[in-house]
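Presented below is the structure to which this report refers.
The values are calculated or read from the model by the stated rules, or taken from the named source; none is laboratory data. Computed from a predicted model, the values in this text were never measured in an experiment. Every residue, glycine among them, receives a Cβ derived from its backbone with ideal geometry; neighbour counts consider all protein chains shown. Just so you know, the surface numbers come from the protein's heavy atoms only, side chains and all, with ligands and any DNA or RNA stripped out. Shrake-Rupley method; radii C 1.70, N 1.55, O 1.52, S 1.80 Å.
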Amino acid sequence: MKFNTKTIHGGQQHEPATGAVMPPIYQTSTYAQSSPGQHKGYEYSRAANPTRTALENNFAAIENGTHGFAFSSGLSAIDCVLRMLNPGDEVIAGDDLYGGTYRMFTKMFQKYGLKFHFVDMNSVENITNLVSDKTKLIWLETPTNPLMKIADIEAITNAVKAINSTILVTVDNTFATPYLQRPLDLGADIVMHSATKYLGGHSDLVMGALMVKDEKLAEELHFIQFAGGAVAGPMDSFLALRGVKTLHIRMQRHCENGRAVAKYLENHSKVKEVFYPGLESHPNYEIAKKQMDDFGGMVSFRLHDESQQAAFTFLENTKVFTLAESLGGVESLVNHPTTMTHASIPEPERLKIGITDSLIRLSVGIEDIDDLLKDLTQALDRV
Ligand SMILES: *Cc1c(COP(=O)(O)O)cnc(C)c1O
């Protein structure tokens, strides 16, 4: 199946009892057994639930994996991956991660004896120089949030696996989605998503996903999902599956609008810098072109006026772009990383990687582009 068919049909069967085209919302915690241990594959909904199974099979299909897992949030999916590690193990991660990922690594897992290195993923040597026999996991996010840096998934995976093939490479594919980039095909072991964002696509649920193609890894992750218990509920699973079915057409429009907004901002006199991997001015443009099929709907930019007041004036005056956390929904959102999504990163760290007061992040939705550009124009006029 081609991708645009897989989003709709991947891993799906009509419901056997009635032929229902969409899986029912199996709002049940438990399942009748005819004799102890005699059941129809479902015992208790933490272990498995048919609505969640339908979604998990679809998740596996769209990332070209064999197994998918749905969690109660993106962070609980990340938590599941980290629970495979043991005290003393080391993780090498990008230095421009989603704030909540950084917070989980440093505030939750460091105290259990895991060691984290945060490096600029632009250079493969930065990573290979840190690999030791303690290294167990590489955590990549590409494009990064909010600076839209691109890491070369294939080059990094090959270099790390050449040193030690058992080191796991995980890619947070939330920003790109499998419509644009498929990390398992590039050699990564695990794909992670905040399905809250593009996979769900309608800002109506919080969910995480993991996808893998290795049987043993799938068993290990399933055990932690089951034993840890942070599973996605049946209602949210239904909504997420409904969302994925339009992923390809939504992403097509996100990409068109994202490109148009990035080009508009690049030529605006009040804008100092635009961060969008589809612009030729982007430092990682060549890698992005090689690795991604298009460039998505996330655009960040910096104002010439570096004061927080200038940024706030812009943020308070957009009308079509809603000032809110999150991203990846059909509606356009605007966000101030310093005070909102990335407030959990200590200021010196933030400034070092370029998350300043004048940085603004847009999640460009699928509205009419004329209305989006008009909105940006009027809000920039006030700055
Ligand atoms: C939102 C987000 C997460 C966390 O996911 P939740 O669903 O909010 O728990 C992780 N990574 C990225 C890139 C995100 O945007």
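Here is a yes/no grid of residues against (1) among the charged types (D, E, K, R); (2) crowded, with 24+ Cβ neighbours inside 10 Å:
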{"residue": "ASP189", "(1), (2)": "yes, no"}
{"residue": "HIS193", "(1), (2)": "no, yes"}
{"residue": "LYS197", "(1), (2)": "yes, no"}
{"residue": "SER203", "(1), (2)": "no, no"}
{"residue": "LEU210", "(1), (2)": "no, yes"}
{"residue": "THR246", "(1), (2)": "no, no"}
{"residue": "GLN252", "(1), (2)": "no, no"}
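Listed by first and then second residue, the pairs with beta-carbon distance under 8 Å, at least 6 apart or on different chains, first residue in region 20-36 and open to solvent by 50 Å² or more (accessible area, probe 1.4 Å), second aromatic (Phe, Trp, Tyr) and outside any loop (DSSP other than H, G, I, E, B), are MET22/PHE238; ILE25/PHE238; SER29/TYR44; THR30/TYR44. Only a single item in (1) in a loop (DSSP other than H, G, I, E, B); (2) within 16 Å of the ligand (Cβ to nearest atom); (3) of a type in the set (Val, Ile, Thr) is not met by THR166, and it is number (2). Considering region 165-185 alone, what residues qualify as being open to solvent by 10 Å² or more (accessible area, probe 1.4 Å) and out of contact with any strand residue (DSSP E or B) (no Cβ under 7 Å at 6 or more places or on another chain)? Passing the criteria: SER165, THR166, TYR179, ARG182, ASP185. In the set LYS270, LYS289, LYS319, only one residue is out of contact with any helix residue (DSSP H, G or I) (no Cβ under 7 Å at 6 or more places or on another chain) and modelled with pLDDT of 95 or more; that residue is LYS289.
Right, LEU359: touching a strand residue (DSSP E or B) at 6+ places or on another chain (Cβ under 6 Å), surrounded by fewer than 22 Cβ atoms within 10 Å (Cβ to Cβ) and within 15 Å of ALA262 (Cα to Cα) or not? No, not satisfied.
Checking each residue of region 132-145 against the condition of being over 11 Å from the mean Cα position of the chain (by Cα), of a type outside the set (D, E, K, R), open to solvent by 10 Å² or more (accessible area, probe 1.4 Å) and under 19 Å from LEU82 (Cβ atoms) gives at least one match.
Scanning region 278-324 for residues that are in a strand (DSSP E or B), in contact with a Leu (Cβ under 7 Å, 6 or more places away or on another chain) and open to solvent by less than 40 Å² (accessible area, probe 1.4 Å) turns up MET298, VAL299, SER300, PHE301, ARG302. Looking across PHE59, PHE118, one residue alone is closer than 24 Å to LEU186 by Cα and open to solvent by 40 Å² or more (accessible area, probe 1.4 Å). It is PHE118.
Tell me which residues, restricted to region 325-355, are part of a loop (DSSP other than H, G, I, E, B) and open to solvent by 30 Å² or more (accessible area, probe 1.4 Å). Within region 325-355, GLU325, SER326, VAL330, GLU331, THR339, MET340, ALA343, SER344, PRO346 meet the criteria.
Number of residues in region 1-60 that are farther than 21 Å from GLY208 by Cα, of a type in the set (Phe, Trp, Tyr) and in contact with a Gly (Cβ under 7 Å, 6 or more places away or on another chain): the value is 0. The residue that is nearest to GLU273 (Cα to Cα), among those in region 296-327 that are away from the ligand (no atom under 16 Å from the Cβ) and aliphatic (A, V, I, L, M), is LEU303. Looking across region 119-148, the residues that are assigned to a strand (DSSP E or B) and within 28 Å of GLY296 (Cα to Cα) come down to VAL119, LEU137, ILE138, TRP139, LEU140, GLU141. What's the number of the only condition in (1) more than 20 Å from CYS80 (Cβ to Cβ); (2) assigned to a loop (DSSP other than H, G, I, E, B); (3) more than 13 Å from the ligand (Cβ to nearest atom); (4) touching a strand residue (DSSP E or B) at 6+ places or on another chain (Cβ under 7 Å) that ALA188 fails to meet? The one condition ALA188 does not meet is (1). For beta carbons closer than 6 Å, sequence separation of 6+ or different chains, a first residue in region 192-210 that is near the ligand (Cβ under 7 Å from one of its atoms) and a second that is among the charged types (D, E, K, R), the qualifying pairs are MET207/ASP236. Scan region 62-89 for residues that are open to solvent by 40 Å² or more (accessible area, probe 1.4 Å) and under 19 Å from TYR179 (Cα atoms) and the total you get is 3.
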